[in-house]
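Engineer: Below are the structure tokens for one structure; questions will follow.
The values are calculated or read from the model by the stated rules, or taken from the named source; none is laboratory data. It should be emphasised that the depicted structure is a prediction, and the values quoted were computed from it without experimental measurement. Neighbour counts are summed over all protein chains in view; Cβ atoms, including those assigned to glycine, are modelled from backbone coordinates with ideal geometry. Just the protein is used for accessible areas: all its heavy atoms, side chains included, with ligands, DNA and RNA removed. Shrake-Rupley method; radii C 1.70, N 1.55, O 1.52, S 1.80 Å.
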Amino acid sequence: QVQLVESGGGLAQPGGFLRLSCAASGSILSINDMGWYRQAPGEERELVARITGGGSTNYADSVKGRFTISRDNAKNTVYLQMNSLKPEDTAVYYCNADVLLNYYTRSNYWGQGTQVTVSS
């Protein structure tokens, strides 16, 4: 019913940049919080950045000053601009959205994940 489609992942050099996009589609009334998480092999999934429906943001300490999260409510899309990339940013990045399906039902959804690799 609801699908999160991610794009923009790939390979970048240290110091380079990538822009991730995540578009939500389906039977959606509105979307509250949206966020990006990442998981490296053998490690726990961690919050990278989060943005509320009102535009308030929160970032992991490791990405502050380098990453920027934004959203386009008309397109049900969230973005993650990733600058000054480091090898330790290498991970699978997952989109997450808190979706209001109707006036009585709210559900949380995950994207399938997109690989980001930072290497020279």
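Engineer: Looking only at segment 24-45, filter to residues that are outside any strand (DSSP E or B) and aliphatic (A, V, I, L, M); which one of those is nearest to Ala91 (Cα to Cα)?
Structural biologist: It comes out as Ala40.
Engineer: Here is a follow-up. Here are Leu80, Leu101: which of them is over 25 Å from Gln13 (Cα atoms), open to solvent by less than 40 Å² (accessible area, probe 1.4 Å) and in contact with a Ser or Thr (Cβ under 9 Å, 6 or more places away or on another chain)?
Structural biologist: Result: Leu101 is the single residue among Leu80, Leu101 that is over 25 Å from Gln13 (Cα atoms), open to solvent by less than 40 Å² (accessible area, probe 1.4 Å) and in contact with a Ser or Thr (Cβ under 9 Å, 6 or more places away or on another chain).
Engineer: Taking interchain pairs and intrachain pairs at least six residues apart, which have beta carbon atoms under 7 angstrom, with the first residue in segment 17-41 and under 22 Å from Gln1 (Cβ atoms) and among the acidic types (Asp, Glu) and the second open to solvent by 60 Å² or more (accessible area, probe 1.4 Å) and in a strand (DSSP E or B)?
Structural biologist: Listed by first residue and then by second, the contacts come to Asp33/Arg50.
Engineer: Please list, ordered by first then second residue, the pairs with beta carbon atoms under 9 Å, 6 or more apart or interchain, first in segment 99-117 and under 25 Å from Asn83 (Cβ atoms) and of a type in the set (A, V, I, L, M, F, W, C), second modelled with pLDDT of 95 or more and assigned to a loop (DSSP other than H, G, I, E, B).
Structural biologist: Here the result reads Val116/Gly8; Val116/Gly9; Val116/Leu85; Val116/Thr90, each pair linking segment 99-117 to a residue that is modelled with pLDDT of 95 or more and assigned to a loop (DSSP other than H, G, I, E, B).
Engineer: I'm checking my understanding of the structure. Among residues of segment 1-23 that are over 11 Å from Met82 (Cα atoms) and in a loop (DSSP other than H, G, I, E, B), which one is most open to solvent (accessible area, probe 1.4 Å)?
Structural biologist: Going through the qualifying residues, I end up with Gln1.
Engineer: While we're here: Under the condition of being among the small types (Gly, Ala, Ser), within 23 Å of Pro87 (Cα to Cα) and without any contact (Cβ under 8 Å) to a residue 24 or more places away in the chain, which residue from segment 51-70 is surrounded by the fewest Cβ atoms within 10 Å (Cβ to Cβ)?
Structural biologist: Ranking the qualifying residues of segment 51-70, first place goes to Gly65.
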